[in-house]
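Student: The following block contains the structure, expressed as structure tokens.
The values are calculated or read from the model by the stated rules, or taken from the named source; none is laboratory data. Given the structure is predicted, the values throughout are model-derived calculations rather than measurements. Because the Cβ atoms are built from the backbone with ideal geometry, glycine has one as well, and the counts that use them run over all protein chains shown.
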Amino acid sequence: MKNTAEMLDNTGTYTTVVLAILMDKYGTEFMEWDPAVLAQQIVLDFAIDEVTADLNDKIQAGISIFTSTAFYNSIEIFSSICNTLSFNVGYSTDIFIPADIDDCMWGCIEVKLLEGDEYNKQDFTPDIATFVGMLLSNEGIYKPPSALSFAIFPDEESVEDVIADDPIFFQSFWKGQEDKKAGLEILAQKRLRDLFTQLDEVDVGDIDKGFTSKVRDSLGRDAG
């Protein structure tokens, strides 16, 4: 069992785990606090040297997920949250730093795990859906994993029209599709296992059990 200070100091701690730790300590009230006040309180309560930029990025990304619909409505926030949840670029509300396709997939999976049924009540804006479709098509994937089923593809029909008259190429093309999609799913499953391990290790109370249950119940539906 790892203590919470150790987990908060670890750059490899998932955003879900960070939120579980803070909710166990503060409930949901911390989401309404000024970031500077929250940082000071975390330093005092968890006996860490500072709230690093990495930790603050995860906290702010997590708060945005729960307190706004920007993940679904702003391509900048969507990409920023996906990058943050995937341990890449820090969270920002002002700069568009495009996420990679594996980051978009993991971002959607972890947000859905956090939101549960609320996730299904939101639709992504066309610019986000088109952005994800572009990333998928750039990888040669035209049948997305279920986590990215909202994607809008450029010229999707024209691709099938070009290859439809060549049965061998048609079969090879769609076999390649499945292989590439499987690669995305394997990475997502690895991250899910890592997240489960962290949730099992972190030293918090009932909120940990709740998070663990929510994530485990969703396994198999969200990574496909």
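Student: Looking only at region 21-56, how many residues end up being farther than 15 Å from Glu6 by Cβ and exposed (fewer than 12 other Cβ atoms within 10 Å of the Cβ)?
Tutor: Total meeting the criteria: 8.
Student: Which one of the conditions (1) of a type in the set (Ser, Thr, Tyr); (2) within 14 Å of the chain's Cα centre (by Cα); (3) farther than 23 Å from Leu199 by Cβ does Ser68 fail to meet, given that it meets all the rest?
Tutor: That leaves (2) as the condition not met.
Student: In region 82-98, is there at least one residue being at pLDDT below 95 and buried (at least 22 other Cβ atoms within 10 Å of the Cβ)?
Tutor: Yes, there is a match, as at least one residue in region 82-98 is at pLDDT below 95 and buried (at least 22 other Cβ atoms within 10 Å of the Cβ).
Student: Of the numbered conditions (1) assigned to a helix (DSSP H, G or I); (2) surrounded by 15 or more Cβ atoms within 10 Å (Cβ to Cβ), Gly116 fails exactly one; give the number of that condition.
Tutor: Going through (1) assigned to a helix (DSSP H, G or I); (2) surrounded by 15 or more Cβ atoms within 10 Å (Cβ to Cβ) one by one, Gly116 breaks only (2).
Student: Assess whether Asn10 counts as being over 23 Å from Ser86 (Cβ atoms) and at pLDDT below 95.
Tutor: No: the conditions fail for Asn10.
Student: Take the residues in region 13-47 that are within 26 Å of Trp106 (Cβ to Cβ) and assigned to a loop (DSSP other than H, G, I, E, B), then tell me which one is modelled with the lowest pLDDT.
Tutor: Thr28
Student: Here are the criteria: (1) closer than 27 Å to Lys190 by Cβ; (2) charged (D, E, K, R); (3) at pLDDT 90 or above. Tell me which single one Asp123 does not satisfy.
Tutor: If we test Asp123 against (1) closer than 27 Å to Lys190 by Cβ; (2) charged (D, E, K, R); (3) at pLDDT 90 or above, just (1) comes out false.
Student: Suppose the filter is within 15 Å of the chain's Cα centre (by Cα), assigned to a helix (DSSP H, G or I), modelled with pLDDT of 90 or more and farther than 22 Å from Arg191 by Cα; does Ile128 pass it?
Tutor: Criteria met by Ile128.
Student: Mind checking which pairs have a first residue in region 117-144 that is closer than 21 Å to Asn83 by Cβ and a second that is modelled with pLDDT under 95 and among the basic types (Lys, Arg), Cβ under 8 Å, 6 or more apart or different chains?
Tutor: Every condition considered, the pairs that remain are Tyr119/Lys112; Glu139/Lys180; Ile141/Lys180; Ile141/Lys181; Pro144/Lys181.
Student: Exactly one of (1) buried (at least 16 other Cβ atoms within 10 Å of the Cβ); (2) in contact with an Asp or Glu (Cβ under 7 Å, 6 or more places away or on another chain); (3) closer than 24 Å to Gln198 by Cβ; (4) β-branched (Val, Ile, Thr) is unmet by Ile59. Its number?
Tutor: Condition (2) is where Ile59 drops out.
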